[in-house]
1. For the stretch 13-41, how many residues meet the condition of being in contact with a Pro (Cβ under 8 Å, 6 or more places away or on another chain) and either of a type in the set (Phe, Trp, Tyr) or part of a strand (DSSP E or B) (or both)?
2. Report, by residue number, each residue of the stretch 296-327 that is farther than 10 Å from Ile355 by Cβ and either acidic (Asp, Glu) or more than 14 Å from the chain's Cα centre (by Cα) (or both).
3. Report yes if some residue within the stretch 268-284 is in contact (Cβ under 8 Å) with a residue 24 or more places away in the chain, in contact with a Gly (Cβ under 9 Å, 6 or more places away or on another chain) and either of a type outside the set (D, E, K, R) or in a helix (DSSP H, G or I) (or both); otherwise report no.
4. Looking at Ala196, Ala186, Ala236, Ala204, can you tell me which residue is within 18 Å of Phe98 (Cα to Cα), of a type in the set (A, V, I, L, M), within 16 Å of the ligand (Cβ to nearest atom) and open to solvent by less than 60 Å² (accessible area, probe 1.4 Å)?
5. Quick one: how many residues across the stretch 314-336 are assigned to a helix (DSSP H, G or I), at pLDDT 95 or above and either open to solvent by 20 Å² or more (accessible area, probe 1.4 Å) or in contact with a Gly (Cβ under 9 Å, 6 or more places away or on another chain) (or both)?
6. Consider Val229 carefully, then state whether it is open to solvent by less than 10 Å² (accessible area, probe 1.4 Å) and touching a helix residue (DSSP H, G or I) at 6+ places or on another chain (Cβ under 7 Å).
7. Of the residues in the stretch 322-369, how many are within 21 Å of Leu240 (Cα to Cα) and among the β-branched types (Val, Ile, Thr)?
8. Is there any pair with a first residue in the stretch 143-161 that is under 22 Å from Val182 (Cβ atoms) and free of Cβ contacts under 8 Å to residues at least 60 places away in the same chain and a second that is away from the ligand (no atom under 14 Å from the Cβ) and open to solvent by 100 Å² or more (accessible area, probe 1.4 Å) whose Cβ atoms are under 7 Å apart and which are 6 or more apart or on different chains, and what are they?
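The values are calculated or read from the model by the stated rules, or taken from the named source; none is laboratory data. Everything quoted here is computed from the prediction, not taken from an experiment. Note that we place each Cβ from the backbone using ideal geometry, even for glycine, and neighbour counts take in every protein chain shown. When the accessible area is computed, the model is the full protein with side chains, heavy atoms only, and any ligands, DNA or RNA have been set aside. Shrake-Rupley method; radii C 1.70, N 1.55, O 1.52, S 1.80 Å.
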Amino acid sequence: MSKLVIRGGKPLCGTVSVQGSKNAVLPILAASILCTKGVTVIHNCPDLDDVTITVKILRFLGARVKRDGHTITVDARSKIKHRIPKRLMQKLRSSIIFMGAITARNHRAKISAPGGCKLGARPIDLHKDALRALACDITEKRGYIYVNGKNRRSSEITLRFPSVGATENILLTSCMTGGVTVLHNAACEPEIVDLANFLNAMGASITGAGTPDITVTGVPELHGTVYTVMPDRIVAITYLCCAAVTGGNIYLSNTVPDHLETALSYLAQCGCLVEAEDSRIHLSAPKRLTALAEIETSPYPGFPTDAQSLFLALLSTAKGTSIICERIFESRFKTADELSRMGADIKIKKDIATIYGKERLSGAQVSACDLRGGAAMVIAALAAEGTTEIDNVCYIDRGYEALEKNLQALGASVKRI
Ligand code: UD1
């Protein structure tokens, strides 16, 4: 088990290039099995454990996959299996997206519940209801979900909540289903737009992605394409927080500032100078940040729940009292306990965290509770006095490529032991 050892107190300065998006590449890889004419070449795939597991799933299904640096080529022209074993399903959350992809390709699927970070209850009822609305028959037996999609047909669906994963499953299931499927209250996250763009590049007909109303006109088959995955917006916010909390001055390249609007505006409200131009962002931080009156997580374009833990760490050293309301995932405040070990003063009441900013945190032995919680501990450690050891680094590795190398290049004292 490796640990990250961070000696805090150094302002981060320099340039970092943002990796491709984890949450975009995973559904795009699942979608690649729909291509029966030609191959798909996917650029800007981050080198992460979750991508490696997804490639394993694709190979298990029978696709030929070549991984060359940040480019993955998928050839799914031969027969694709209709089932994924539990041991692979349970390794990550986005394995659930294969439910729609396999059903579209094979008219049936056998999968189990997915794994992923423990952020509270993570039901998949919306995914199943959506497939049922598309006239798929779903049964469950001994931990497996069986989808029979032989008679599936287009439909009009309104999601009870704009779930990212359920929206992705609907796009995948319906893009090769005859007729026109109309989805209301769809998730508007940029990763949904990226998936729709990828499917359209393969010949699908999807309009409205990025808005709550998406129309999918089914096409008989999809063809090969070359596609570049969008930059990771949460990784971008992470590096900005690392610089902000240390009084640093950094430039991000390979990013889409429009995707980060709410986070950028909060960083500016904390006292940072934030400038965005084309695919670059410049952030220059004051010696000490100012507290934020109230932040609330909500679906895009609101403040992302994935950035909540990052701001919990950031605001722990801001001047004044901040409030964060978590409206998406119930167990996302576990990181507060770990931050407290470093001297942070955070009170949690149900889904509201009150953060009383301390001038300094101090180094301690802490743990990553989940992927973004782990990144939050890195942010806190960079700001703290003394040395922090973070264990459970495997969580952080699920979402960040070359984290310590990038932080070292920005002047941080970080090593892995
Ligand atoms: C995706 C992201 C995750 C991000 C989240 C919200 C991936 C791999 N993960 O997760 O990083 O934090 O979007 O932006 O892309 N819900 C239900 N029933 C369902 C599905 C979801 O009640 O069937 C609820 C969830 O419990 C949660 C909310 O809806 O409270 C949001 O979940 P959802 O948007 O589906 O998140 P994921 O797709 O799992």
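1. 1
2. Glu296, Thr297, Ser298, Pro301, Gly302, Asp306, Lys319, Cys325, Glu326, Arg327, listed by residue number.
3. Yes - at least one qualifying residue is present in the stretch 268-284.
4. The conditions single out Ala196.
5. Counting residues in the stretch 314-336 that are assigned to a helix (DSSP H, G or I), at pLDDT 95 or above and either open to solvent by 20 Å² or more (accessible area, probe 1.4 Å) or in contact with a Gly (Cβ under 9 Å, 6 or more places away or on another chain) (or both) gives 1.
6. Taking the combined requirement at face value, the residue satisfies it.
7. Counting residues in the stretch 322-369 that are within 21 Å of Leu240 (Cα to Cα) and among the β-branched types (Val, Ile, Thr) gives 4.
8. Val147/Arg108; Gly149/Arg108
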